[in-house]
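The values are calculated or read from the model by the stated rules, or taken from the named source; none is laboratory data. Bear in mind that the values here come from a model prediction, so they are computed numbers and not experimental data. Neighbour counts run over all protein chains shown; Cβ positions are idealised from the backbone, glycine included.
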Amino acid sequence: MKLSKIKLGMELPSVSHLVTRKNISRYGRAVGGFNAVHDDEVFAEEKGFETVIAHGVMHLNYITQMLSDFAGHPDRVKMIDIKFGKPVYPSDTVTAKGRIAKVSKQDENLRIICEIWSENQYGQRVTYDGLAEIELPGENGFEGT
Amino acid sequence: MGMPMNKSVVGKEYPHVSYEITKEMIVKYAEVVEDPSPYFSDAGAEILYAPHTMVGAYTLLLVPYIVTDKELDLDITKPIVHVHQMYAWKRSARAGDVLTIRGRIAEIYSKNGSEYITFEGDIIDQEGRHVVVAQSTLKVG
């Protein structure tokens, strides 16, 4: 993948996914975990949720998908650090977003810090205050601000 | 309101859990999180990489130890919500890796009437090298 020039403040191409009840169940089964808040409507409502909620780590992958696609290779994604906000429910559309906040040279590579977050269809943040670090080969260039 | 968590367990380590990352697990995971990248979905590729959150997600294998930990005394009748997550990857996991999770309790604290517990996990490959460090904080109550 040919990367465009890196600029401070540049937004990463966003990634959107529609979350379904089926996907939440399938995710739980795929990782071998059972937690009633993801599987049992009555339990989830008793705990104060509208209905079952998606696993945070499931929709966190929408963010790592965005970062990995932008970086061009999985090994170039180095770190994410993020908080979970509004719960994600079935039928929500979650959009992962990111913006380049800092760029520095590290040996032959560019070390890029991005602000990251994700939103539901109402613009409410389902993750927030996130930072990510990715590394790109130096030949991608940096145009500054 | 139940008893608070026992703060003296900070630093406690859980039994190490090992598992193999198989092609089937990766393809399934990528399908469920709907990541179409060929790095994660092409089972015929020479190297099949695991989606980034997949390796961390398996720290769920520690959940049975945590919820039955009498020393920790976690009140699972309270709402428990995942509020913070950090992953630092040294490299991406790949099909064929045999990974070991070394998990521990890093921190327990109270804020605004809720309790918070932070777990840290080192995920190590078959050669004893770090693949990812994960830190997860749950809010209890």
Any hit, the range B:47-61, residues being under 20 Å from B:Glu107 (Cα atoms), in contact with a strand residue (DSSP E or B) (Cβ under 9 Å, 6 or more places away or on another chain), among the hydrophobic types (A, V, I, L, M, F, W, C) and surrounded by fewer than 21 Cβ atoms within 10 Å (Cβ to Cβ): yes
Number of the condition not met by B:Tyr65 [criteria: (1) crowded, with 19+ Cβ neighbours inside 10 Å; (2) in a helix (DSSP H, G or I); (3) aromatic (Phe, Trp, Tyr)]: (1)
Close pairs from the range B:63-83: first without any contact (Cβ under 8 Å) to a residue 12 or more places away in the chain and more than 18 Å from B:Lys7 (Cβ to Cβ), partner assigned to a loop (DSSP other than H, G, I, E, B) and charged (D, E, K, R), Cβ under 8 Å, at least 6 apart: none
Selected residue [under 30 Å from A:Phe70 (Cα atoms), part of a loop (DSSP other than H, G, I, E, B) and either touching a helix residue (DSSP H, G or I) at 6+ places or on another chain (Cβ under 7 Å) or not aromatic (Phe, Trp, Tyr) (or both)] from B:Ile47, B:Ile76: B:Ile47
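For (1) within 18 Å of the chain's Cα centre (by Cα); (2) not polar (S, T, N, Q), each residue gets a yes or a no:
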position	(1), (2)
B:Leu60	yes, yes
B:Pro64	yes, yes
B:Thr68	yes, no
B:Ala88	yes, yes
B:Arg94	yes, yes
B:Tyr109	no, yes
B:Tyr116	yes, yes
B:Glu120	yes, yes
Verdict on B:Asp69 being of a type in the set (D, E, K, R) and modelled with pLDDT of 95 or more: no
Pairs where the first residue, in the range B:39-59, is within 18 Å of B:Glu20 (Cβ to Cβ) and more than 7 Å from every other protein chain (Cβ to nearest Cβ) and the second is part of a helix (DSSP H, G or I) and hydroxyl-bearing (Ser, Thr, Tyr), C-beta under 7 Å, 6+ apart: B:Met54/B:Tyr29
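Rundown of residues vs (1) charged (D, E, K, R); (2) in a strand (DSSP E or B); (3) away from every other protein chain (no Cβ under 11 Å), yes/no style:
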{"site": "A:Gly48", "(1), (2), (3)": "no, no, no"}
{"site": "A:Asp75", "(1), (2), (3)": "yes, no, no"}
{"site": "A:Met79", "(1), (2), (3)": "no, yes, no"}
{"site": "A:Tyr89", "(1), (2), (3)": "no, no, yes"}
Pair list, Cβ < 7 Å and 6+ apart or interchain, from the range A:98-118 residues that are crowded, with 16+ Cβ neighbours inside 10 Å to residues that are in a strand (DSSP E or B) and among the polar types (S, T, N, Q): A:Trp117/A:Thr127; A:Ser118/A:Thr95; A:Ser118/A:Thr127
